[in-house]
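Trainee: Please find one structure pasted underneath; my questions will follow.
The values are calculated or read from the model by the stated rules, or taken from the named source; none is laboratory data. Note that the coordinates shown come from a computational prediction; the quantities given were computed from them, not determined experimentally. Heads up, the Cβs are rebuilt from the backbone with ideal geometry, glycines too, and the neighbour counts pull from every protein chain shown. Just the protein is used for accessible areas: all its heavy atoms, side chains included, with ligands, DNA and RNA removed. Shrake-Rupley method; radii C 1.70, N 1.55, O 1.52, S 1.80 Å.
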Amino acid sequence: MPNLDSNIEFLKGVGPQRADILKTELGIFTCRDLLFHFPFRYIDRTKFHSIRNLHHEGETVQLRGTLRRLETLGEGRAKRLVGTLRDETGILELVWFRSVQWLEKSLVVGKEYIVFGRVSEFNGKFNMPHPEMEEAPSSPPIRGGESPEYNGAFPGVKPAPPLMGGAGGAAKNFDPVYPTTDKLTQKGMDAKGLRKLIRTLLDGLSASDLPETLPDYLGAQFKLTPRWQALNKIHFPETQLELDAAIRRIKFEELFFLQLRLLQVRTRRKDSVRGFVFSKIGDYFNQFYQEKLAFELTGAQKRVLKEIRADLASGKHMNRLVQGDVGSGKTVVALMTMLMALDNGHQACLMAPTEILAQQHLEGITALVGELGVNVGYLSGSVKGKKREAILAKLASGEMHIVIGTHALIEDWVQFKNLGISVIDEQHRFGVEQRSRLWAKNPAGPPHVLVMTATPIPRTLAMTLYGDLDISVINELPPGRKPITTIHKTEHHRLRVQGFMRDEISKGHQVYVVYPMIEETEKVDLQNLMSGFEALSRDFPTPQYQISIVHGKMKAGDKDFEMQRFIKKETQIMVATTVIEVGVNIPNASLMVIENAERFGLSQLHQLRGRVGRGADQSYCLLLTGHKLSHDGRERIQTMVQTTDGFIIAETDLRLRGPGNIEGTQQSGMLRFLLADLARDGQIIAVAREVAAQILEKDPELALPEHLRLRMQLASEGKDTRVWSRIS
Ligand code: ADP
Ligand code: MG
């Protein structure tokens, strides 16, 4: 009997040919890989639908009947295999568009099959495309099951009601169904074949092959199924309760070790990297606070400043993320943080993702602190020659206190005398790697890091994605803001939308009109943008109206020129793609029209909307869509109309799209779980994190005997590149 780390080839029933296919199709190289190839659903073999009782399109059902007819129809791309299934109550058409030849050979007319699939409607008749077919065993079926699958464990699928009520219950026959492919199916490794292989594998293993990884006291505290049992029952549960318990155990384990790892990295960094101590609050800070700050800080701003202050005085290295919705006043928090550095004899830098944003920060911050004798400079790729030399010299000598700029700031040729803090605005455009390059700028040691983002991230995701950062949240807007009114209109209201635009412009306000621009459909999108621009140019003619246009295909210089015209109010309308999404602050703009709004993601819509509502006047966001909206599209638009709360929007976004699509997570790759789902398992994450934190506080190096398993597991994960290379 091979062990878990053996090549899958040597498992009975596999052999070299099948092993090859398992490797290429499913990435299964070892027996362990096969064991962790979990079912994506289960069939309760005892429950069948009757064909006569099929009522809903989209229903997933299990049927049992005889294959009556089988023929290939159509030619070329329309070629398909059509079959007829008959049970005691009626007949249903089955249809396949792929693997036609192979299926035609392997299915036998006249045989009885168990058929599993989704009911679909075509020309007013029900049929079932691409059903799974399995020869029926000879025992007779029990009719009446209305819910033959259990789907609760899997990402992207709403939990189905449990199959069986009550505790315990008689043993049921749950068959696991595994992700498979056409190629595997053709080599006999369909759901049934895989099931057999995994059965063989499990039969050859014993509890000692799958040792427990969690301390016994945790298992007892949270009533967790032992690991050996969980890995058996995830494949072959006999009852719903067993299945639920196995799922819970495996999810907990995944999330717990992730948090333990993240927190350990963080603790170690905090303990080993010394941070500059900013012990005093001095003249710069106080003078600014008393003389220049024109408004009262919000409670949230004060709280976050206190959190930052505590970090900076602690002697530990600060690595903090400040989340705050658009307009929540992050800039002033950043500025006051930088002044703390100055008061303690250090320099500060502020890095923004675009030149326009950096320029805006420069103007704003110079206006606020220029008169206090703070020397503020600017550096970007476009600052060249003598000008650049002069700035670099001043940074190296310490004469320049604050430098504001773009990515250029992380280039090696930028060196500081004693940089105390780096502030990074709109974090999601910067990667972890870029953040760490800021550490190397300074002879005296790593500067503190403050990252600001206007993309609210749900707590559970933040705990994981930014597990190595401390997180502060500005969850309050400055008083007196008029919430933006958001309205959904379909395209045939275009004339009224134009009238509305005219009204706003006649009040002296400015208007954005945004078009989607998606890489895959770029050409068409660009055409839409241009024809939209032309149409607007006809409806809003010169000289009365001036229109700017900005999109990603323009040269940087041209983009800047057009932006500047809008900023200087030389143009009233800005036609653009999402390039204007981040941070731009034009308080005079009061109307945001979003074309094809259904094509944008929620967080993008929210970011875009944040471009208006920055002045004293009532602002509006008009979402234009076609008539027909997908379910998700409708929910996105409705969410936008109903709320302006970035955190609610982020939660909805996470729910609709899953964590893999949230900005910043794509590259991280760390969100690949076997079962855990960041969008749905928030509670488990919170518990896992708390438990992990408690353990590390008591036993930072996991040296206690009861933590031996944890230490070993982390060490083996460290070797398992599949999991951890992606994280660190
Ligand atoms: P963001 O968090 O989007 O970066 P900003 O820092 O640009 O927001 O702030 C938006 C606007 O709100 C700025 O004009 C700023 O001066 C103003 N502001 C910030 N804090 C307050 C406050 N506590 N009271 C009133 N206005 C504030
Ligand atoms: Mg900002």
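Trainee: Quick one: how many lysine pairs does region 485-643 have with C-alpha atoms less than 28 Å apart and a gap of 8 or more or different chains? Give me the count, please.
Mentor: 17
Trainee: Further question: Could you work out the local net charge near Gln17, counting Lys and Arg as +1, Asp and Glu as -1, over the other residues with Cβ closer than 14 Å to its Cβ? Before the final figure, lay out the partial values.
Mentor: Values: positive: Arg18, Lys23, Lys183, Lys187; negative: Glu9, Asp20, Glu25.
Summing Lys and Arg as +1 and Asp and Glu as -1 gives +1.
Trainee: For region 485-643, build the convex hull from the C-alpha positions and give me its volume per residue in Å³. It would help to have the intermediate numbers written out before the result.
Mentor: Values: hull volume 17.5 nm³, N = 159.
It comes to 110 Å³ per residue, whole-number rounded.
Trainee: What GluC sites (Glu not before Pro) in region 67-110 are in a loop by DSSP, with at most 12 other Cβ atoms within 10 Å of the Cβ?
Mentor: Values: sites: Glu71, Glu75, Glu88, Glu93, Glu104; in loops: Glu75, Glu88.
Filter output for region 67-110: Glu75, Glu88.
Trainee: Taking 4 °C and 1.567 mPa s as the conditions, I'd like the Stokes-Einstein D for the chain in µm²/s, using the Kirkwood hydrodynamic radius from alpha carbon pairs.
Mentor: Rounded, D is 44 µm²/s.
Trainee: Add -39500 (n - 2.57) for each DSSP H run of 4 or more in the chain, then divide by its residues: what number comes out at 222 nm, to the nearest 500 deg cm²/dmol? Present the calculation step by step, with values, prior to reporting the outcome.
Mentor: Values: 24 runs with 271 residues, N = 728.
Rounded to the nearest 500, it is -11500 deg cm²/dmol.
Trainee: Where a ≥ b ≥ c are the square roots of the eigenvalues of the C-alpha gyration tensor, would you call region 276-433 rounded, which needs a/c under 1.5, or, failing that, prolate if a/b is larger than b/c, or oblate?
Mentor: On the way: a/c = 1.42, a/b = 1.33, b/c = 1.07.
Rounded, because the longest to shortest axis ratio a/c is under 1.5.
Trainee: Taking K and R as +1 and D and E as -1, what net charge do the other residues with C-beta under 11 Å from the C-beta of Gln618 add up to?
Mentor: On the way: positive: Arg481, Lys482, Lys507; negative: Glu504, Asp617.
Spelling it out: positives minus negatives among the neighbours equals +1.
Trainee: Follow-up question, since we're still on this one. Which of the trypsin sites (Lys or Arg not before Pro) found in region 260-355 are loop residues per DSSP with 15 or fewer other Cβ atoms within 10 Å of their Cβ? Each step should come with its number before you reach the end.
Mentor: Details: sites: Arg261, Arg266, Arg268, Arg269, Lys270, Arg274, Lys280, Lys292, Lys302, Arg303, Lys306, Arg309, Lys316, Arg320, Lys330; in loops: Lys280.
The qualifying sites are Lys280.
Trainee: If you keep only loop residues by DSSP, which trypsin sites (Lys or Arg not before Pro) in region 523-567 have at most 14 other Cβ atoms within 10 Å of their Cβ? Present the calculation step by step, with values, prior to reporting the outcome.
Mentor: On the way: sites: Lys523, Arg538, Lys553, Lys555, Lys559, Arg565; in loops: Lys553, Lys555.
Qualifying residues, ordered by number: Lys553, Lys555.
Trainee: Another question, then. If you line up the long axis of helix 385-397 against the longest principal axis of the chain, both from Cα atoms, how many degrees apart are they, to the nearest 10?
Mentor: Taking the Cα atoms of the chain, the angle to 385-397 is about 90 degrees.
Trainee: Please enumerate, by chain and number, the lysines with C-alpha under 26 Å from the C-alpha of Lys111, excluding those fewer than 8 residues away in the same chain.
Mentor: Lys47, Lys79, Lys125, Lys172, Lys183, Lys187, Lys192, Lys196
Trainee: Mind checking the angle between helix 330-343 and the chain's longest principal axis? C-alpha axes, 0 to 90 degrees, to the nearest 10.
Mentor: The helix 330-343 is inclined about 60 degrees to the chain.
Trainee: How far, in nm, would the chain grow between Thr89 and Glu570 when pulled straight, counting 0.36 nm per residue and subtracting the alpha carbon separation?
Mentor: Roughly 165.8 nm would be gained on extension.
Trainee: What accessible area per residue comes out for the chain, rounded to a whole number of Å², with a 1.4 Å probe? Before the final figure, lay out the partial values.
Mentor: Working: 33260 Å² over 728 residues.
Result: 46 Å² of accessible area for each residue.
Trainee: Evaluate region 3-85: find the radius of gyration of its Cα atoms, find its Kirkwood radius, and give the ratio Rg to Rh.
Mentor: Numbers: Rg = 19.3 Å, Rh = 16.9 Å.
Reported Rg/Rh, Kirkwood definition of Rh: 1.14.
Trainee: A further question follows. Would you work out the relative contact order for region 485-643, in percent, from Cα pairs under 8 angstrom that are 6 or more residues apart? All intermediate terms of the calculation are to be shown ahead of the outcome.
Mentor: Numbers: 251 pairs, mean separation 52.2, N = 159.
Reported as a whole number, the value is 33 percent.
Trainee: Mean separation of Cα pairs under 8 Å and 6+ residues apart, divided by the residue count of region 1-142: what relative contact order is that in percent? Could you put the intermediate results ahead of the total?
Mentor: Numbers: 241 pairs, mean separation 28.3, N = 142.
It comes to 20 percent, rounded to a whole number.
Trainee: Would you work out the relative contact order for the chain, in percent, from Cα pairs under 8 angstrom that are 6 or more residues apart? Before the final figure, lay out the partial values.
Mentor: Working: 1237 pairs, mean separation 83.2, N = 728.
Reported relative contact order: 11 percent.
Trainee: Right, something else. So how tilted is helix 240-272 from the main axis of the chain? Cα-based, degrees 0 to 90, rounded to 10.
Mentor: Tilt of helix 240-272: around 30 degrees.
Trainee: Using a 1.4 Å probe on the protein chains only, how many percent of the accessible area of the chain belongs to carbon and sulfur? Write out the running numbers ahead of the final one.
Mentor: Values: 17210 of 33260 Å².
Carbon-and-sulfur percentage of accessible area, whole number: 52.
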